[in-house]
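Read through the structure below, which is laid out as structure tokens, and then see the notes.
Any read-out appearing in this document is the output of simple, stated calculations on the displayed coordinates, not a laboratory observation. All values reported here derive from a predicted model rather than from experimental measurement. Note that each Cβ is placed from the backbone with ideal geometry, even for glycine, and that neighbours are counted across all protein chains shown.
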Amino acid sequence: MNVSTISGLLRKLEIPGRVAISTGYGGLPKINVKTDFSTAEIYMHGAHATGFQKKGEPSLLFMSSKSWFDPVKPIRGGVPVIVPWFGNRQGEPSHGFARITEWELVKTSSTAEGAVTLRFALPKMPGRAAWENLRNEFIVTVADTLTMELVAANDGCDETLEIENCLHTYFQVGDIGAVYLTGLRDAPFNDFAAGNTGTRKVEHNPVLRIAKETNRVYPDNTATVEIHDESLKRIIRVEKFNSQSTVVWNPWTTQKLPDDFDPAEHKHMVCVESGNVKQNKISLAPGKTSALKVVLSSTPLK
């Protein structure tokens, strides 16, 4: 989509003083949101939130300084929208095709209280007959919190669809060595970090500190997780609904990643992902709908 197309199709969805559409990195269309409490930015490529910042605070979301902004590649950082599968699949893009597809912005609205809501739809994908009955919507509400709802519906009449979904959120922290997570004590997890193949373990410590490559999938877990950042003096709260899986990830300097991530930046990020993956995948019967919802908030750390 180029600038002239933005002007022709999307300008009517702008809200003066609240929602503005511009050309972002790589020439990709970007939606800028301003409320009385916060600002946010969302790229239509992947319906990808790349920023959410409350007044007087650093951004809650981490963005890689080397992120690609390319229409055929995923954005690194922020909130990748992962659907309809999680992880690798032979001959297919990692973590599904939604994060490398330009979503449609279909509606914008604001409330008297100052919140702004954006509604996106994933267009039908040519050549993906297996998913022609899957309808996906993504609803983002920006206020003093960031609320994201990923809706999946099976519009077919005959076949049940099995899907995985996840909001793969990258959080910005001041120094990973001064961060600890709460909410996961005594919760079983599968360890996929270097040298592990999903071995089931349990963390009995009251807090989780990240001191090495970490890649944990917590199945059958609906807990709220809090990120305590002693450097930035804040607590980020990750509250989720209709999510049975939590993933905690930091690549450290040992996990091999594409060149869209500087290994040194592991010090300033941690992913706490909310979704339904692996054994918690969703069986979506014909005519049924499932909605994954995540609410992000922050408070001072005293």
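Structure notes:
- Each of 129, 97, 296 was placed along the dipole of the chain (beta-carbon charges, centred on the mean Cα), and the one lying farthest toward the positive end is 296.
- For the stretch 173-235, trypsin sites (Lys or Arg not before Pro) meeting the loop criterion (DSSP other than H, G, I, E, B) and having at most 11 other Cβ atoms within 10 Å: 212.
- Counting only DSSP H runs of at least 4 residues, each contributing -39500 (n - 2.57), and dividing by the residue count of the chain, the helix-based mean residue ellipticity at 222 nm comes to -500 deg cm²/dmol.
- Under-5 Å amide H pairs with residue 234, H placed in peptide plane, nonlocal only: 229, 301
- Cα centroid separation, the stretch 250-302 to the stretch 157-228 (Å): 8
- Packing here is the average count of other Cβ atoms within 10 Å per residue, and on that basis the peptides 60-70, 74-84, highest first, run 74-84, 60-70.
- Calculated log₁₀ intensity ratio I(q)/I(0) where the Debye formula runs over C-alpha points of the stretch 3-300, q = 0.15 Å⁻¹: -1.24
- Each residue of the stretch 123-138 is assigned a 3J(HN,Hα), and the resulting list reads x, 5, 9, x, x, 10, 4, 5, 10, 5, 9, 8, 10, 10, 10, 9 Hz, derived from the Karplus form 6.51 cos²θ - 1.76 cosθ + 1.60 (θ = phi - 60°), x at Gly and Pro.
- Taking θ as phi - 60° and the Karplus parameters 6.51, -1.76 and 1.60, the scalar couplings of the stretch 54-69 work out to 6, 4, x, 10, x, 4, 6, 9, 8, 10, 5, 5, 10, 4, 6, 10 Hz in sequence order, x denoting glycine and proline.
- Charged side chains reduced to their Cβ positions (Lys and Arg at +1, Asp and Glu at -1) give the chain a dipole of some 280 debye around its Cα centre.
- DSSP-assigned coil residues among trypsin sites (Lys or Arg not before Pro) in the stretch 104-169, each with at most 14 further Cβ atoms within 10 Å: 124, 128
- Residues with amide H under 5 Å from that of residue 38, placed H, sequence gap 5 or more: 55
- Scanning residues 5 or more positions from residue 47 or on other chains, those with amide H under 5 Å from its amide H are 103, with H placed 1.01 Å from N in the peptide plane.
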